[in-house]
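Peer 1: Here's a structure for you.
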Amino acid sequence: MIRRLWTCSALVLLAAAAECRPARAADEVRYETHVRPILKAHCFLCHGEEDEHQGNLDLRWVKGMLAGGDSGPVVSPGDPDASLIWQRITAGEMPPGDKKLSNAEAAVIRTWIEQGAGTVRPEPDRLPEGPHWTEEERNYWAFQPVKRPPLPVVRDEGLAANPIDRFILAELEENGSGFSPPAPAETLIRRLSFDLLGLPPSPESVERFCCDPSPAAWSLLVDRLLASPEYGERWARHWLDPAGYADSDGYTEDDPRRPWAFRYRDYVIRSLNADKPFDQFVVEQLAGDELLSPPYAHLDGPSAEILAATGFLRTAPDGTGEGGVDQATARNDVVAETIKIVSTAFLGLTVGCAQCHDHRYDPISQEDYYRLRALFEPALDPNNWKKPAARLVSLWSQQEEEQAAQVDAEIREIEGRRVAELDGIVAEIFEREVAALDLELQGAARFAKATPEADRTPEQQQLLKEYPSLNVDRGSAYLYEQQRLKDFNKKYEDQNAQTKARRPPEQMLACLFETPGQIPPTAVFYRGNPSQPKQEVSPGELGILAGQVAEIPSDDPALPTSGRRLAFARSLTSGRHPLLARVIVNRVWMHHFGKGLVASPGDFGKLGQPPTHPELLDYLADEFVHSGWSLKSLHRLILTSHCWRQSSLRSEERETADPDNRMLGRMNVRRLEAEAIRDAMLDVSGTRCGKMYGPAVGVAPDEVGQIVVGAGMRDGNGIFIGTADGMGGEPFRRSVYVEVRRSMPLGVLEPFDVAATTPNCELRTTSTSPVQSLLLMNGSFVRSQAASLARRAASEAGDDLEGQVERAWRLAFGSRPSEAETAAGAAYVQSQKARYEASTAEKKEHDPTPAERALASYCQALLSSNRFLYVD
Amino acid sequence: LGQGFGLGSLAVLSLLAEEQARAKPPLERPAYDLRPKPPVHPPKARAMISLFMQGGPSHVDLFDPKPELTRRHMTTFTGDIKYDNAAESSPKLFGSPWKFAPRGQCGMELSELLPGLAEVADDVTLIRSMHTGVNNHGQSLYAMNSGRITNGRPAVGSWLTYGLGTESQDLPAYVVLTDPGGLPVTGTEMFSNGWLPSIFQGTVVRPREPRILNLEPPPVEAGAPQDEYLEFLGQLNREHASERPGETDLAARIASFELAARMQTAAKEALDLSSESQAVHRMYGLDDEATREYGSRCLIARRLVERGVRYVQVFTQTQAWDHHGAIAKALPSACRKTDRPAAALVRDLKSLGLLQSTLVHWGGEMGRLPVIQNEKNIGRDHNTYGFSMWLAGGGVKGGCVYGKTDELGHKAVEDVVNHYDYHATLLHLFGLDPATLTFARPGGAGSLLDGQAGRVVNGILA
């Protein structure tokens, strides 16, 4: 049955394949290229990888198949039907379990046996110990050294503004095509402004730029925007995605806050604004602590900044500070998620599957995984675990510390007095309750109460049960004398508050550091199970990169700490590492074009996507390293290319030849990310608060459970009574400053595909859903921003309706509306005004007038329109 | 057969290459949706309405007659008992001041405070042996509503919509009808999606306009102004799109506004009771001040279920049933508000042929103690060791009484139904398997029962 199925589908495909591709000589089925990867994915684990080979059969090489196992040889060259491996596959017996070979995979195996079961290269006499990689695996593109390619020659030299253009244009020309014309100036400045700042350009800057004929205008504009502080806020958010940044622990339902995580976020913003060389940025995030010396006390500003960088290694969801969590599992999860974050962000590889067995597709062995793990275990040591509270370093000065200690002593003293007085009240209440008893019980009651609970006789217990009101204690006294206890509590709360006011405010830093001298051994876990450690491993990078990366010392004698992460970071940033620079320039490219040269930014392995322009990727990686790892230089290079400045308009020819725009013969139209939508609304409405840095702006559920910016105040019955009271400009700060509570994504961001935090986000989706539409139509945030925009337009444009309409349009879109657009807008406002005037809905005193409402309605249409939500 | 295969290398390899391209993991993370999904075994129930009685209705005064308690009225209870409020606590037993009598063909004994329920007793399964074992509102609400006594977990309705999607794409899958008197004490946790994706969160239909935030426009925009806005927006978007031919995302967004507008119309229609007959209005008590508000919400619940909504919660006000004192007045008043509409809902669903596929639940997070709290103003304290609730339709028996408390109504002693047993039964009725309805969590697969050994209560299945 199985065979009939694959025969049919294979024939269909045969026909299809024959049509679209001419036969080539090289299309024979090869063991190394075709057969081995199938066996690796399905069979190696039991038949070769683990110490014990099932059925004494080793399928990792052809000689192993010919030698066979307990049931004899498994391959008869030339005769698949006589081959045991084929028989077991067709019988559905192998591989065991649900995941069988696909029809195509089975067909490959069969054809290979039919053709004689040969290898391209002779196999050695014996397999080397441990994992070994084939030449094909070693030759995989992503593991090759970055090689600066020669610049391609293009026919249209005039269009090659810089080297990027040559790579793109050469391919386009080869396909009989070329660049699209440049986009109009007003499109370009809007594109650039969102690209670099995540905010729209002001109408005035659009005007200025469009009227500036100077050839240098563009590069001056690029430089000006790169120098604005908003650049760091925008691009920090891009980096926080793969870093998995959050202001809470996640993991458990409680999802405790991380009140000090913001220092890492601020570190990223500052570093990007300063154009800190990316190699330094990487080293600080992976090993900032190892650049300093423990103990980390009384740090100066620059040192605190470097230590804050290690917040990168503290972003993973973390349940280890919570009760009711299996500590061993939770700790292991933190280590595993941290490795995932590091590997997707810096290596562009999914090493996670090698936690349990060799990677099924990429040359990453299980041992490799644990070698990576050994890099982090001196700081993330499951047996000497630092729970969240133990990761905080105080930024207090010596004097502040002393002052705090003194206040703490006073508070302890006040607490002592409070408890003594409370015990007096409890005794008084008890006496009164006793007095209400029959006289003969009173003595017994006093005696029972005075006896410690564990020592009470059954009679005493019974007595207290029969008269439950005798069981007054510190906690229940308020139930007996509410006003008195209220006054009592207030008195002490006031005293406490006054005393505490003299305590210097807490200034903590959440970071990662090792305990000197504490270097745990790291072992491979049998099938990933932490309770089944096997052989120990030494720290190191992936074996496949040997020769391109540095050896990692187990314990660097020159440092108080192990030095493992520092050595790893230095190796990553040596300029010779094949992955880091490629991965980073690809991310940067992705944010400029909407799609990476490698479309899977977190997976450069076989299951990811191959690069569309491998030579360009290498050129950029090499250029990045040689420009001193300057992100701003890289931006400049990309943004001043002709390629980036192309129009996004599609043309019929291009659509036919390259419907996915793989060759980049035009710019991609992109929807704004969630944060850019919210920030742009705040910006054009004039409500945006420009305050930078500092603790996150809190979020909370409102009365219907939507997550809003605000404190989310509730009364004693849990009833919602307000959100943002007393928060000043905080609710109007940019989204990068809004708390990322893992369990509470902000209601206005979440529907627009906000970054996943489980644990990090390699790539955002861009969805279109009616939930987004409803938010734009009816959501209170959008409506209030529209009202603000209307007020702003009215105040800036004066009384003339057409002027107001035009001003609102320009604020929202940057460009000027056409006369027809202005006229249509004004007509809309007029007719809406008439509708509001006729409305029978209940009116309140401070409601806007119908005219104000009508202009706001127009502004809302602008803010919810595609012209606002998309960038050409 | 092997020889008949005869494919060349080229075909085999191109087949392999195509397959490998297809097998690559999608670049984007999985998207969750609310499209209907088949259950794992044939379901009895397709929709559920939970009439949630927050505060803890006194089972010994409503559902669970205790002659022994009446006999020992005002005598001292000497057994083990846990009070929530020690200051007002009393050891005196207090027999129910209300009379019980057998109702319906089945002879289910119910209190005189529930004349409405009495009329539909033959359609109801009454469970008298509920147990959560945590003596405060918050924890017991979490247990009954999201499976464990801790907060932050997905509500039952989130699980059902996660597992089954919903029948109507124009209405929210999971609707919450809140009381004008405020939310249950655990607030929005009562309909939180917890760690399930947020599309499985309950959507609140508020007791005032706009009834559904975001789904409905504010009153001043409703009708003509919003229609005009959508028309103008559509015009802006169409012009914008016409300058960008082939940009299909833009067309998709135009369509999504149209779908959103349809959803608004559907919601408005579903919430509009004017098309229901006078007889129906009367049946739900819309003609009576005491029942109008609650009856309207019960009727809305029926209309929503009728239109394909999967799960509806109808709340009573904050602590509506938390009768620590003045129970003599407060309990009859709470019953007056809810009894007739709740019974009407059962009867109405039955007459529409919807009861067999709609599970109706009536109950809270606890019951009350057989002893007095506050001798000066008699009430009863919390009791989560034994309490009652009822179910109707959706595959449960009619006229069935299940489980027992002890002779005083203090603790469930026979056929005890823990919250996780209730949840196992509920998922079973919907054709879901408590063991396989899971969601990946950091510590392993998360589920409603979360490893608690819940049993399907076969004794109540029809």
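The values are calculated or read from the model by the stated rules, or taken from the named source; none is laboratory data. Remember, predicted model here, so these are calculated numbers, not experimental data. With ideal geometry, Cβ positions are generated from the backbone for all residues, glycine too; neighbour counts draw on all protein chains shown. Surface accessibility is based on the protein's heavy atoms, side chains included, excluding ligands, DNA and RNA. Shrake-Rupley method; radii C 1.70, N 1.55, O 1.52, S 1.80 Å.
Peer 1: Pulled fully out, how much extra length does the chain show between A:Ser767 and A:Asp555, if you take 0.36 nm times their separation in residues and subtract their Cα-Cα distance?
Peer 2: 71.5 nm
Peer 1: Please find the FRET efficiency linking A:Gln483 to A:Leu439, where r is the Cβ-Cβ separation and R0 is fixed at 35 Å, and quote it to the nearest 0.05. Numbers along the way, then the final one.
Peer 2: Values: r = 30 Å, r/R0 = 0.85.
With R0 = 35 Å, the Cβ-Cβ based efficiency is 0.70.
Peer 1: Taking just the C-alpha trace of the range B:36-106, give me its Rg and Dmax in Å.
Peer 2: 19.5, 57
Peer 1: Give me the tail of P(r) for the range B:111-264 as a percent: Cα-Cα pairs with distance above 18 Å.
Peer 2: 72
Peer 1: Provide the convex hull volume over Cα atoms per residue for the range A:585-639, in Å³. Don't jump to the answer; show the numbers that get you there.
Peer 2: On the way: hull volume 4.0 nm³, N = 55.
Dividing the Cα hull volume of the range A:585-639 by its residues yields 73 Å³.
Peer 1: Would you mind computing Rg(Cα) / (2.2 N^0.38 Å) for the range A:157-313, counting N as its residues?
Peer 2: Working it through for the range A:157-313, the quotient is 1.40.
Peer 1: In whole Hz, with x marking every Gly and Pro, tabulate ³J(HN,Hα) for the range B:138-155 from phi via Karplus 6.51 cos²θ - 1.76 cosθ + 1.60, θ = phi - 60°.
Peer 2: x, 4, 6, 5, 4, 4, 5, 9, 9, x, 9, 7, 9, 8, x, 9, x, 6
Peer 1: Stretched out fully, how many nm does the piece from A:Asp156 to A:Arg527 gain, at 0.36 nm a residue minus the Cα gap?
Peer 2: Going from the current span to full extension adds 127.9 nm.
Peer 1: Next up: Residues in the range A:456-492, backbone N under 11 Å from the label point at B:Thr75 (7 Å along the Cα-to-beta-carbon vector): list them, ranges by number please.
Peer 2: Counting backbone N atoms under 11 Å from the label point, the list is empty.
Peer 1: Compute log10 of I(q)/I(0) for the range A:339-407 with the Debye formula, placing one identical point scatterer on every Cα and leaving out solvent, at q = 0.12, 0.27 Å⁻¹, to two decimals.
Peer 2: So the normalised log intensities are -0.51, -1.14.
Peer 1: What number in nm² do you get for the range A:755-872 if you take the convex hull of its Cα atoms and divide its surface by four?
Peer 2: Taking the Cα atoms of the range A:755-872, their convex hull projects to 9.9 nm² on average.
Peer 1: Under Stokes-Einstein, with the Kirkwood radius over Cα pairs standing in for Rh, what whole-number D in µm²/s applies to the range B:345-462 at 37 °C and 0.692 mPa s?
Peer 2: For the chosen part, D equals 200 µm²/s.
Peer 1: Which three semi-axes in whole Å describe the equivalent ellipsoid of the range A:45-201, each the square root of 5 times a Cα gyration tensor eigenvalue, listed largest first?
Peer 2: Gyration-tensor ellipsoid for the range A:45-201: 53, 20, 18 Å.
Peer 1: Which one, A:Val146, A:Pro295, A:Leu199, projects farthest toward the positive side of the charge dipole computed for chain A from Cβ point charges (K/R +1, D/E -1)?
Peer 2: The residue sitting farthest along the positive end of the dipole is A:Leu199.
Peer 1: List the lysines whose Cα lies under 23 Å from the Cα of B:Lys268, skipping any in the same chain that are fewer than 8 positions away.
Peer 2: A:Lys843
Peer 1: Per the 1.4 Å probe, what fraction of the accessible area of chain A, in percent, lies on carbon and sulfur atoms?
Peer 2: Taking all protein chains in place, chain A shows 53 percent carbon and sulfur surface.
Peer 1: Summing +1 for each Lys or Arg and -1 for each Asp or Glu, what net charge is found among the other residues whose Cβ lies under 11 Å from the Cβ of A:Ile85?
Peer 2: +1
Peer 1: How large is the charge dipole for the range A:581-638, taken about the Cα centre, if only the Cβ atoms of Lys, Arg (+1) and Asp, Glu (-1) carry charge, to the nearest 20 debye? Let's see the in-between values first.
Peer 2: On the way: 6 positive and 5 negative charges, 45 e Å.
Computed charge dipole of the range A:581-638: roughly 220 debye.
Peer 1: First measure r as the distance between the Cβ atoms of A:His626 and A:Ser397, then evaluate 1/(1 + (r/R0)^6) with R0 = 25 Å and state the FRET efficiency to the nearest 0.05.
Peer 2: Calculated value: 0.05.
Peer 1: Then there's this: Given all pairs of different Cα atoms, what value in angstroms does the Kirkwood hydrodynamic radius of the range A:256-339 take? The partial results should precede the final answer.
Peer 2: Numbers: mean 1/r = 0.0709 Å⁻¹.
When all Cα pairs of the range A:256-339 are included, the Kirkwood radius is 14.1 Å.
Peer 1: Starting from the 7 Å offset along Cα-to-Cβ, what nm value, one decimal, do you get for the label separation of A:Asn668 and A:Ser651?
Peer 2: 2.2
Peer 1: Can you compute 3J(HN,Hα) from phi for each residue in the range A:360-370, using the Karplus curve 6.51 cos²θ - 1.76 cosθ + 1.60 with θ = phi - 60°, rounded to whole Hz and x for Gly and Pro?
Peer 2: So the J values, rounded to whole Hz, are 6, 10, 9, x, 10, 8, 4, 5, 3, 4, 6.
Peer 1: Using the Kirkwood radius built from alpha carbon pairs, what does the Stokes-Einstein equation give as D for the range A:180-260 at 37 °C and 0.692 mPa s, in µm² per second?
Peer 2: Rounded to a whole number, D works out at 217 µm²/s.
Peer 1: Could you tell me how many cubic angstrom of Cα convex hull volume chain A has per residue? Working shown, then result.
Peer 2: Numbers: hull volume 233.7 nm³, N = 872.
In chain A, the Cα hull volume divided by residue count equals 268 Å³.
Peer 1: Moving on. For A:Lys500, give me every one of the aspartates and glutamates with a C-alpha distance below 16 angstrom, ignoring sequence neighbours fewer than eight places off in its own chain.
Peer 2: Correct list for A:Lys500: A:Glu400, A:Glu401, A:Glu402, A:Asp408, A:Glu410, A:Glu413, A:Glu415.
Peer 1: Treating only the Cβ of Lys, Arg, Asp and Glu as charged (+1, +1, -1, -1), what charge dipole size does the range B:322-462 show about its Cα centre? Round to the nearest 20 debye.
Peer 2: Working: 14 positive and 13 negative charges, 101 e Å.
In total the dipole reaches around 480 debye.
Peer 1: If you take the charge dipole of chain A about its Cα centre, with +1 on Lys and Arg Cβ and -1 on Asp and Glu Cβ, which of A:Asn866, A:Gly97, A:Leu763 is farthest toward its positive end?
Peer 2: Going by the Cα projections, it comes out as A:Asn866.
Peer 1: Per the Debye formula with a single identical scatterer at each Cα and no solvent contribution, what log10 I(q)/I(0) holds for chain B at q = 0.09, 0.10 Å⁻¹?
Peer 2: -0.64, -0.76
Peer 1: Holding the Cα-Cα limit at 20 Å, pick out from B:Lys92/B:Lys411; A:Lys40/A:Lys63; B:Lys350/B:Lys397; A:Lys147/A:Lys276; A:Lys465/B:Lys92 the pairs that are longer than that. Could you put the intermediate results ahead of the total?
Peer 2: Values: B:Lys92/B:Lys411 17 Å; A:Lys40/A:Lys63 15 Å; B:Lys350/B:Lys397 14 Å; A:Lys147/A:Lys276 25 Å; A:Lys465/B:Lys92 11 Å.
Violating the 20 Å limit, Cα to Cα: A:Lys147/A:Lys276.
Peer 1: Next question. When N is the residue count of the range A:574-689, what does its C-alpha Rg come to as a fraction of 2.2 N^0.38 Å?
Peer 2: Normalised Rg, Cα atoms only: 1.22.
Peer 1: How much net charge surrounds A:Asp683 when only the other residues with a Cβ under 13 Å from the Cβ of A:Asp683 are counted, with Lys and Arg +1 and Asp and Glu -1?
Peer 2: +3
Peer 1: Right, something else. In Å and on Cα atoms, what radius of gyration and Dmax does the range B:157-233 show?
Peer 2: Here Rg and the maximum Cα pair distance are 14.8, 44 Å.
Peer 1: I've got another one for you. Of A:Lys387/A:Lys632; A:Lys691/A:Lys844; A:Lys486/B:Lys82; A:Lys340/A:Lys387; A:Lys632/A:Lys691, which sit over 32 Å apart, Cα to Cα?
Peer 2: Details: A:Lys387/A:Lys632 38 Å; A:Lys691/A:Lys844 34 Å; A:Lys486/B:Lys82 26 Å; A:Lys340/A:Lys387 20 Å; A:Lys632/A:Lys691 23 Å.
Pairs exceeding 32 Å: A:Lys387/A:Lys632; A:Lys691/A:Lys844.
Peer 1: Something else now. What full-extension length gain, to one decimal in nm, is calculated for A:Asp212 and A:Leu127 as 0.36 nm per residue of separation minus the Cα-Cα distance?
Peer 2: Length gained between A:Asp212 and A:Leu127: 23.7 nm.
Peer 1: In Å³ and rounded to a whole number, note down the convex hull volume per residue for the Cα atoms of the range B:270-336.
Peer 2: With only Cα atoms used, the range B:270-336 gives 91 Å³ per residue.
Peer 1: Just the ratio, please: alpha-carbon radius of gyration of the range A:110-200 over 2.2 N^0.38 Å, N its number of residues.
Peer 2: 1.97
Peer 1: Determine the order of A:Arg688, B:Arg297 by accessible area, beginning with the largest, at a probe radius of 1.4 Å. Provide the component values of the computation, followed by the final result.
Peer 2: Working: A:Arg688 60, B:Arg297 10 Å².
From most accessible down to least: A:Arg688, B:Arg297.
Peer 1: Of B:Leu408, B:Leu250, A:Leu811, which is farthest towards the positive pole of the protein assembly as shown's charge dipole, taken about the Cα centre with +1 and -1 on the beta-carbons of Lys, Arg and Asp, Glu respectively?
Peer 2: Value computed over the given set: B:Leu408.
Peer 1: On a C-alpha basis, how far is the centre of the range A:51-78 from the centre of the range B:232-292 in Å? Whole number, if you could?
Peer 2: 66
Peer 1: Viscosity 1.002 mPa s, temperature 20 °C: what is the translational diffusion coefficient of the range A:457-591 from Stokes-Einstein with a Kirkwood Rh over Cα pairs, rounded to a whole number of µm²/s?
Peer 2: 94
Peer 1: With a 10 Å radius around each residue's Cβ, average the other Cβ atoms per peptide and rank B:343-352, A:564-573, B:47-56, highest first.
Peer 2: Going by the mean number of other Cβ atoms within 10 Å, highest first, we get B:47-56, A:564-573, B:343-352.
Peer 1: Next question. Net charge near A:Ser394, counting Lys/Arg +1 and Asp/Glu -1 over other residues with Cβ under 9 Å of its Cβ?
Peer 2: -3
Peer 1: Still on this structure, I have one more. Grab the beta carbon distance between A:Glu802 and A:Tyr693, set R0 = 41 Å, and tell me the FRET efficiency rounded to 0.05.
Peer 2: So, using R0 = 41 Å, E works out to roughly 0.45.
Peer 1: Hey, what number do you get for the protein assembly as shown at 222 nm if only DSSP H runs of n ≥ 4 count, each worth -39500 (n - 2.57), divided across all residues, to the nearest 500?
Peer 2: Theoretical 222 nm ellipticity from helices: -13000 deg cm²/dmol.
Peer 1: When DSSP beta bridges are limited to those with both residues in chain B, what percentage is antiparallel, rounded to the nearest 5?
Peer 2: 50
Peer 1: Then there's this: Along the Cα→Cβ direction, 7 angstrom out, place labels at B:Leu352 and A:Ala497. What is the inter-label distance in nm?
Peer 2: Reported label-point gap for B:Leu352 and A:Ala497 is 5.3 nm.
Peer 1: When the Debye formula is applied to the Cα atoms of the range A:360-473, each taken as the same point scatterer, what base-10 log of I(q)/I(0) results at q = 0.12, 0.13 Å⁻¹?
Peer 2: Log10 I(q)/I(0), no solvent term: -0.72, -0.75.
Peer 1: May I pose another question? Classify the range A:409-514 as rounded, prolate or oblate, taking a ≥ b ≥ c as the square roots of the eigenvalues of its Cα gyration tensor: rounded when a/c is under 1.5, otherwise prolate if a/b is larger than b/c and oblate if not.
Peer 2: prolate
Peer 1: Dipole size in debye (nearest 20) for the protein assembly as shown around its Cα centre, Lys and Arg Cβ +1, Asp and Glu Cβ -1?
Peer 2: 1440
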